[in-house]
Amino acid sequence: ANKPVLGGTLRLVAASGPDHVDTVPAYYTADYILEHAYSRQLLAYPTVSDPTLASPGWKTDTTPTADVATEVPTTANGGISADGLTYTFHIKPGVDWNTSPARQVTADDFVREFKAFCNPAPGGFVGNLNYYSSTMKGLAAYCDQETKYFANTKKHPITAANVAGFQNSHNIAGVTAVTSSTLQFHLISPASDFLYMLAMPFASARPVEYDGFLPNSLQLDQHTISDGPYQITSYVPGKSIVMMKNPAWK
């Protein structure tokens, strides 16, 4: 049988590039398409043929499945508490960042992403903060603390070091790295859409290297770390973005 030819180069030509490369503020369809190449979430949507809304593929395509997580938590497997307020995820071994050497993605990497949701960097806050802060325990309080802290920019300048310093010294009550491979969420009230929220690119893993850059900054965009199938090798705002296969991808 004929085998498919793998490889080659795909070129996309558009009127403009992505609004954001950083997964926290990205809130645009084109952003989401590109993010799937270099970022991963606990849960994600598989892709199968779904020619009609009534086809079996449609339900599959719109149902989150495990990606970085070992399995989708349920009450039956103990991943969701009986009261629907606590979700526990276990991180799959072998999901690596394309660092040198390659490094395992950890629960702390996901905590870091949520701590960046309400950062004070220009345009760096999450695309839909209220959606998450009204669901996750302690996120609103954490954001209020961060906003007050950076309100006095003379005392607390908005620099990468200061933003990382605040985030690393404050915690969100509802997001906990129980171990390096176990992540737990606590909700304000039961939320039937919480698994779908975690499948959004906002909820990607965030490498520790990003502490060295302001969120949504050109410096971060040009020094991305990938845990997806591709890595960004060149980014020129408004002109080009080049991706190549990620050697750490499994």
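Hey, can you tell me all the residues within the range 12-52 that are of a type outside the set (A, V, I, L, M, F, W, C), within 24 Å of Thr70 (Cα to Cα) and part of a loop (DSSP other than H, G, I, E, B)?
Of the residues in the range 12-52, the ones of a type outside the set (A, V, I, L, M, F, W, C) are 16-20, 22-23, 25, 27-29, 31-32, 35-36, 38-41, 45-47, 49-52.
After this cut, where a residue has to be within 24 Å of Thr70 (Cα to Cα) as well, the list is 23, 32, 35-36, 38-41, 45-47.
The answer is Thr23, Ser39, Arg40, Tyr45, Pro46, Thr47.
Could you list all residues from the range 118-139 that are of a type in the set (Lys, Arg) and closer than 17 Å to Ala161 by Cα? Spell out the reasoning first.
So the first thing to find is which residues in the range 118-139 are of a type in the set (Lys, Arg), and the list is 137.
Within the range 118-139, no residue meets the criteria.
I'd like the residue in the range 218-250 that is part of a loop (DSSP other than H, G, I, E, B) and out of contact with any helix residue (DSSP H, G or I) (no Cβ under 8 Å at 6 or more places or on another chain) and, out of all such residues, is surrounded by the most Cβ atoms within 10 Å (Cβ to Cβ).
Among those residues, the one meeting the criterion is Ala248.
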Subset of the range 182-191, residues under 16 Å from Gly78 (Cα atoms) and in a loop (DSSP other than H, G, I, E, B), comes to Pro190
Say we look at the range 56-78 and pick out the residues that are more than 27 Å from Pro18 (Cβ to Cβ) and out of contact with any Asp or Glu (no Cβ under 9 Å at 6 or more places or on another chain); which of these is surrounded by the fewest Cβ atoms within 10 Å (Cβ to Cβ)?
Ala76
I'm trying to understand the selection: among the residues of the range 119-140, which are among the hydrophobic types (A, V, I, L, M, F, W, C) and either within 16 Å of Val21 (Cα to Cα) or in contact with a helix residue (DSSP H, G or I) (Cβ under 6 Å, 6 or more places away or on another chain) (or both)?
Ala121, Phe125, Val126, Leu139, Ala140
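Within the bounds of the range 99-113, is there any residue that is polar (S, T, N, Q), open to solvent by less than 50 Å² (accessible area, probe 1.4 Å), under 30 Å from Ser192 (Cα atoms) and not in a helix (DSSP H, G or I)?
First pass over the range 99-113, keeping only residues polar (S, T, N, Q): 99-100, 104, 106.
From what is left, the residues that are open to solvent by less than 50 Å² (accessible area, probe 1.4 Å) are 99, 106.
From what is left, the residues that are under 30 Å from Ser192 (Cα atoms) are 106.
This time we only want the ones that are not in a helix (DSSP H, G or I), so: 106.
The answer is yes; a qualifying residue exists.
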Residues within the range 79-97 that are open to solvent by 40 Å² or more (accessible area, probe 1.4 Å) and in contact (Cβ under 8 Å) with a residue 24 or more places away in the chain, tallied
5
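Consider Val178 carefully, then state whether it is in contact (Cβ under 8 Å) with a residue 24 or more places away in the chain, open to solvent by 50 Å² or more (accessible area, probe 1.4 Å) and either in contact with a Phe, Trp or Tyr (Cβ under 8 Å, 6 or more places away or on another chain) or closer than 27 Å to Val95 by Cα (or both).
Numbers: in contact (Cβ under 8 Å) with a residue 24 or more places away in the chain: yes; open to solvent by 50 Å² or more (accessible area, probe 1.4 Å): yes; either in contact with a Phe, Trp or Tyr (Cβ under 8 Å, 6 or more places away or on another chain) or closer than 27 Å to Val95 by Cα (or both): yes.
Spelling it out, Val178 is indeed in contact (Cβ under 8 Å) with a residue 24 or more places away in the chain, open to solvent by 50 Å² or more (accessible area, probe 1.4 Å) and either in contact with a Phe, Trp or Tyr (Cβ under 8 Å, 6 or more places away or on another chain) or closer than 27 Å to Val95 by Cα (or both).
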Answer yes or no as to whether Gly238 is small (Gly, Ala, Ser) and within 20 Å of the chain's Cα centre (by Cα).
no
Sort through Gly138, Gly123 and tell me the only one that's under 18 Å from the mean Cα position of the chain (by Cα) and on the phi > 0 side of the Ramachandran plot.
Gly123
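Kindly establish whether Asn168 is more than 18 Å from Ala69 (Cα to Cα), open to solvent by less than 60 Å² (accessible area, probe 1.4 Å) and either part of a strand (DSSP E or B) or at pLDDT 95 or above (or both).
Details: more than 18 Å from Ala69 (Cα to Cα): yes; open to solvent by less than 60 Å² (accessible area, probe 1.4 Å): no; either part of a strand (DSSP E or B) or at pLDDT 95 or above (or both): yes.
It is false that Asn168 is more than 18 Å from Ala69 (Cα to Cα), open to solvent by less than 60 Å² (accessible area, probe 1.4 Å) and either part of a strand (DSSP E or B) or at pLDDT 95 or above (or both).
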Does the range 156-167 contain at least one residue that is without any contact (Cβ under 8 Å) to a residue 60 or more places away in the chain, over 29 Å from Ala102 (Cβ atoms) and aromatic (Phe, Trp, Tyr)?
yes
Give me the residue from the range 126-161 that is touching a Pro at 6+ places or on another chain (Cβ under 9 Å) and of a type in the set (S, T, N, Q) and, out of that set, most open to solvent (accessible area, probe 1.4 Å).
Thr147
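Quick one: in the range 32-55, of everything that is free of Cβ contacts under 8 Å to residues at least 24 places away in the same chain and either of a type in the set (D, E, K, R) or in contact with a helix residue (DSSP H, G or I) (Cβ under 8 Å, 6 or more places away or on another chain) (or both), which residue is most open to solvent (accessible area, probe 1.4 Å)?
First, the residues of the range 32-55 that are free of Cβ contacts under 8 Å to residues at least 24 places away in the same chain: 33, 46-55.
Those still in the list that are either of a type in the set (D, E, K, R) or in contact with a helix residue (DSSP H, G or I) (Cβ under 8 Å, 6 or more places away or on another chain) (or both) too: 46-52.
Values: Pro46: 40, Thr47: 127, Val48: 63, Ser49: 95, Asp50: 48, Pro51: 108, Thr52: 72 Å².
Going through the qualifying residues, I end up with Thr47.
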Across the range 127-162, what is the total count of residues that are within 24 Å of Leu42 (Cβ to Cβ) and in a helix (DSSP H, G or I)?
11
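The values are calculated or read from the model by the stated rules, or taken from the named source; none is laboratory data. Owing to the predicted nature of the structure, the values given are computational and were not obtained by experimental measurement. Here the Cβ is made from the backbone with ideal geometry for all residues, glycine too, and neighbour counts use every protein chain on show. These area figures cover heavy atoms from the full protein model, side chains too; ligands, DNA and RNA do not enter into them. Shrake-Rupley method; radii C 1.70, N 1.55, O 1.52, S 1.80 Å.
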